[in-house]
Amino acid sequence: MRKRIWRLANDEFDTPSPQVLVKPDRIAVEAAEASHISGSFTVISLNEIPLRGMVYSSNPYVVCTTPQFEGLQNVIAYEVHLPKALAGDCLRGHMTIVANQVTLEIPYEITYTEAKLMSSIGQIKEIRQFALLARDHWQEALNLFYSDAFAHWIIRQDQRLRLLYRAYRRGALSGVNLEHFLVDAGLKEALVFGLPDETRKYAWLREDQEDHIHLLKRGWGHGEIQLTCRGDFISLEKKRISSEDFLGQTADVPYLLDAKKLRAGVNYAVIQMQTNGLVHQLSIQATRRDFPSAIPGIRQSLRTLIVRVMRDYESYRLGRMSRPEWCHRWLRDLEDLRRLDSDRDVFWQLLQTMALIENGQTEEALDLIGGLKGKIADKNSPEWGLLLYLYCNLSEDRQNRRELIRQIDVIFRRHRDRADLFCCLLRTEEKEAAEKYAEISEEAARVRSPLLYLEAYDLLREEPYLLTEADDFAFGLLSWVRSRRAFTAALVDRLVKILATSKTCSAAWTRIFMGAVWAYPSRENLSALIAYLLLEPNRSARAQSWYERAVDEGVNVPGLYEAYMMSMPQDAIRPIPPLLARYFLINNRLPQEKQALLYANIVSFQKRDPKTYEAYRNSLDRFAERMMIEGRIDDNIAIIYNDYLDRITPSETIARAMAPLLFIHKILCTAEGSRRVLVYHQALTEPVIASVADHAAYLPLYGGDRLLVLEDENGAITEGEKLLGVEPLLDIDRFYDRLAPLAPDSIPYLLHGLSLNPRMPLNRPQMLAMLSSYKLREDYLAPYYPAMSECLLAAGQESVIEEHFRKVTDLTGMNRDMRKYVLTSWIHSGQYHKVYLALQDFTVPGLAPEDLAGLVSAVCLGEDASDSRDFGLSLCGFLLDCVGEGVSSAQWEERLIAFMLEGFVGTTDRMMILWELAGEAKLDRFALAERILVQSLYTEDIPKGLSEVFDYYRGQRPNTKIMEAYQNFFAHRYLLDVDQKDHGIPEHIFFYIYDEYARRRSPSQSCMLALMKRLCYSKKLTNAEFALLDRLIGQALSQRIRFSFMQKVDHSLLMKYQLYDKAMIEYQSDPQQTIRIRYSMPEGGYREELMPEIYCGLYVKQMVLFRGQTVDYLIWDDLRGKDPAVSGKISCQLEAKIEEEAAYNRLNRMEDLLGQGNLEQGIEEMMDYRMQENITSKLFSLL
């Protein structure tokens, strides 16, 4: 724009004007609701004149993304920013093209229709078509399922499907959730995987080997299998397999066996496959050699035999098996071991020899010793040490025995991990029991072996006092004793004395203590155990059995009764011992849940023990009322509520307290991995969520449409109606009829009542309760709004429903009238930011302009308004249109108009309206005036009142270029006699030009000529004006500039500049064109010549005509192409009074005489005129 202004200031005019074509000349778009709309139109210059300009949209939701353009052919892109448009919404307006010498308006109309859910298989009209899409194009269906288009489409489906989708849309984005949705909606059968449960064996595994798990599936859809591996030598290539990995109905999962990681013997591993809560296992066994083969007649494996040999030895040492029986069993099993484990044949024979010696079969033992002596080559091996121990047992020579013991000790020091060698030394050495016990304790710190415990047990059996403290060795020893059930009375007595001094209770020692008391359950031992358990809270089931036993036996230990109740399971239903009942009636300091357990059992067994029940009635009532106030309920509290409500006449207070509790249900969940249970109700905004604990959750369930879903640890959702057990905690039908009439405006009672009878009439308190609840969905309340508005308006409480709408956050489900009502309420309550955000998503026709003005003022002029500025300015354009249509702006804040003045740029019409508003507010309009002037001059779109704008601008601190451009522009238009439809030429132009001359300044040629034309047409001139006109005509004629309007001047000037005899033919076209004129000659014939361009686009042919002469002419203009020439005629129209003897008058008389045929007088007049001409030429020579 600046370049054109500068050219105008330099008296340069852009001619010709561009000829513009817009394709299309009207924009009409029809699109689906909530869809993204974009498009474009093209602005073309037909006469090769480049276009430069901007495009303004009258509607704030239709935005030009390329508002500026330059060139011969310009593509203007636009977008519609209305993300939540509904079917029926219509955006109307126009694009205003503001370009060089051009202003055009392109109307548009954008209509939203009901959205169609499209896919690669066509339009999805019903849910079963979506299932077909999922079957053939799973990934596309998954993307569509989580799209906003699908969420909007499913609103038109049935209620259950909408609830189901709400649940799955809230869950994790996964194919598993889509699979479960399709199954739960009854659109497909569940996908079933065939997974193996088997054992695979790999023998002679010397190198790495790869194998596969063969999987099967039945059906279509999406499923996942999680694979985990336990075993060092097994590795999986994939830890997760989905249905997409199957080729047809099968898939192979590879796994690798790493031979380098195999240990000696048989190695075990497990590959676990989990899907839909089911676990399958593939067991793998691998060995470097062959697997041990089964031996006929022997059922046990090698490991089993070894364990049995050790257990038999323990039984013999513990006195539970006779020596001959033990010897017989050992010899038999050791013989089998020799065959199964030949690598350790010497060791097994040594054990056989020991058994024979122990059984007194010396001769046979000596035979075996003789054979073993030659087989053991390494004299430092543990086997040699065992052989020396056998010699020592058979030797009676003390000296020889000491030498053998010394050698055994030397071997043992080289093999400190051999507990058998240590025990051999211990049994052969002659030491005190305490010393031996200490050595065993020290050795046990290095090596753990039941042989050490056997030796220590033998010592304790003889001398229990050796057990002095509860150290690690004692714990290991007594744990072994407990596992073998080998406690003795003396040992238990010793344990009781040791633990009696303890100040803390250890879970590990508790198990030992319980085992000891179980073996010797005396009253003293039981009391000691209870005292030990009470050192720290112990709520295990095993501890509870001991508490119960102690109570039954009348053990009196402080804290026993509390511990009894604390360890009692919450779901236990059993009679409370009378002693406990009497105790807690007086001194009940139990936690709340345990009080509920106590009271529930008292209520449950009231028929068996009515006296206790009667004694507790006051306590039961107080507890029930307290729980109601706190809003608590579980299985036990529900039993108390049922009893309480059956016995009393409920009041309104009780009815209101019970409202949220009456509908609580216990949700039983047995599915593995379940984390939460969610309930989606058609009336509630958010789902009700409860964590699963002990396979149960507690949730309120009202009548009507609802949906229960399970969520696992991975976020997968499954409809829970088939997987869950649902049972009410209270008798809803019985208590609802008694409680609801007392508190009819309680939301739970209302929801249940409306589910039973949707047409249930609502009274005013119920309406108020529903409106004040933040938990109810707007689409649930919407059907009741008309009745609510009517009722509350009649009661003078319309402000209540307005207050409700002020709290609304989501307008998605509302119609247009409701949106308008809500937004108005938001504006009146000062929630401008909410309105602003809503208006960017929704169109709200009919919103009052004064409300919209208040919104823009509050949002766009706030402290953090940078993000609001652009949309706010577009709303300002809408407000200015309203003012242009006659809407009052009296309530607008002054700062709003100041905001528009600072940043609004739009069409000239809108800026002129803003000009008027700013003038009324007496604000500084200088910047706006400059914008209006520049845009008006650039586009040649001259609004009404532009002269006032210029006057204001000129009176401030104007830009000289803009002032000169303004004056030259209108001077030029005046000279070219531009049509006066654009409000005429401003009168002040001539005043300003005249002022320039008065200040002795030189205006542009256009201004000079325009002022001259104005003065020529003026009927009354002052002396100064006449003098100026005289000067201007003289300057123009000196520059060979002649216009027909010069002949309108005063007679004196006509005579002075000899303009009276001139006739002028004027023709207007584009500058610098070839204009040819052909005109008739008085003497006959025609003459053709070029018309000179006197002024920009103005061509003038001057000729002298005598009285009565008429000249016909034709004008050809190259711009007209093949169009016919412009024809016309001109004649002499002399109006000036000329002296009779003037040359022009005498020539006219000659012409008249000759024309009348009076040749004699004509010749005489001609001779006289020639004589005077000769005399004059001789008297007055040319300078």
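Values in this text are rule-based calculations from the coordinates and carry no lab data. It should be emphasised that the depicted structure is a prediction, and the values quoted were computed from it without experimental measurement. Here Cβ is always computed from backbone atoms with ideal geometry, including for glycine, and neighbour counts include all displayed protein chains.
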Point to revise | Contour excess over end-to-end distance, with Cα ends at E463 and E948 and 0.36 nm allotted per residue | key: 162.2 nm
Study note, to complete from the structure: Taking every DSSP bridge whose two residues both lie in the chain, the antiparallel percent to the nearest 5 is 90 percent
Practice item. Could you tell me which of L762, A787, V835 has its Cα farthest along the dipole of the stretch 761-837 towards the positive end, charges placed at Cβ (Lys, Arg +1; Asp, Glu -1), taken about the Cα centre? Key: V835
Study note, to complete from the structure: Unit-weight point scatterers at every alpha-carbon of the chain, Debye formula, q = 0.05, 0.07, 0.08 1/Å: log10 I(q)/I(0) is -0.71, -1.00, -1.13
Review point. Name the GluC sites (Glu not before Pro) in the stretch 16-59 that are in a loop by DSSP and that have at most 16 other C-beta atoms within 10 Å, would you?
Key: E48
Revision key, fill the gap. Packing-ranked peptide list from 625-634, 753-762, 913-922, highest mean Cβ count within 10 angstrom first, is 913-922, 625-634, 753-762
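Within 10 Å of each residue's Cβ, count the other Cβ atoms and sort M273, M1012 from fewest upward.
Details: M273 21, M1012 24.
Ranking M273, M1012 by Cβ neighbours within 10 Å, fewest first, gives M273, M1012.
Given contacts defined as C-alpha pairs under 8 Å and at least six residues apart, what's the relative contact order of the chain, whole-number percent? All intermediate terms of the calculation are to be shown ahead of the outcome.
On the way: 1638 pairs, mean separation 88.1, N = 1183.
Over the chain, the number comes to 7 percent.
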Exercise for review: Could you pull out the GluC sites (Glu not before Pro) across the stretch 118-193 that fall in loop regions by DSSP (anything but H, G, I, E, B) with no more than 13 other Cβ atoms inside 10 Å?
Suggested key: E126, E189
Revision key, fill the gap. The FRET efficiency for K611 and E553, from their Cβ-Cβ distance with R0 = 30 Å and rounded to 0.05, is 0.80
Point to revise | Pairwise centroid distance, computed over Cα atoms, of the stretch 1034-1053 with the stretch 533-597, Å | key: 127 Å
Check your understanding: So how far, in whole Å, is the C-alpha centre of the stretch 612-672 from the one of the stretch 42-102?
Key -> 69 Å
Review point. Where does each of 142-151, 347-356 land if you order them by average Cβ count within 10 Å, highest first?
Key: 347-356, 142-151
Practice item. Return the whole-Å distance between the Cα centroid of the stretch 240-287 and the Cα centroid of the stretch 733-790. Key: 58 Å
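Can you give the calculated 222 nm mean residue ellipticity of the chain, where each DSSP H run of n ≥ 4 adds -39,500 (n - 2.57) and the sum is split over every residue, rounded to the nearest 500 deg cm²/dmol?
On the way: 48 runs with 558 residues, N = 1183.
Value at 222 nm, helices only: -14500 deg cm²/dmol.
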Revision key, fill the gap. Residues whose built amide H sits under 5 Å from the amide H of Y108, excluding neighbours closer than 5 in sequence, are I27, G93, H94, M95
Practice item. Restrict the search to the stretch 198-269; then list the GluC sites (Glu not before Pro) that DSSP places in a loop and that have at most 11 other Cβ atoms within 10 Å of their Cβ. Key: E207, E237
Check your understanding: Quick one: length gained pulling E105 to E429 fully straight, 0.36 nm per residue minus the C-alpha distance?
Key -> 104.8 nm
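For L579 and D148, FRET efficiency with R0 = 60 Å and r from the beta-carbon atoms, rounded to 0.05?
Details: r = 67 Å, r/R0 = 1.12.
Once the sixth-power term is evaluated, E becomes 0.35.
Only Lys, Arg, Asp and Glu count, each charged at its Cβ (+1, +1, -1, -1), so figure out the dipole size of the chain about its Cα centre, rounded to 20 debye. Each step should come with its number before you reach the end.
Values: 142 positive and 164 negative charges, 601 e Å.
In total the dipole reaches around 2880 debye.
Please say if the stretch 556-691 is rounded, prolate or oblate, where rounded means a/c under 1.5 for a ≥ b ≥ c the square roots of the C-alpha gyration tensor eigenvalues, and otherwise the choice is prolate for a/b larger than b/c and oblate otherwise? Don't jump to the answer; show the numbers that get you there.
Details: a/c = 2.43, a/b = 1.47, b/c = 1.66.
In terms of gyration-tensor shape, oblate.
Using the Cβ atoms and a cut-off under 12 Å, what net charge is assigned to the surroundings of I648, where Lys and Arg are +1 and Asp and Glu are -1?
Details: positive: R617, R647, R738; negative: D621, E625, D643, D646.
Result for the local shell: -1.
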Check your understanding: Modelled label-to-label distance, E893 and R523, 7 Å Cα→beta-carbon offset: nm?
Key -> 8.8 nm
Point to revise | Relative contact order, percent, the stretch 498-657 [alpha-carbon distance under 8 Å, six or more residues apart] | key: 16 percent
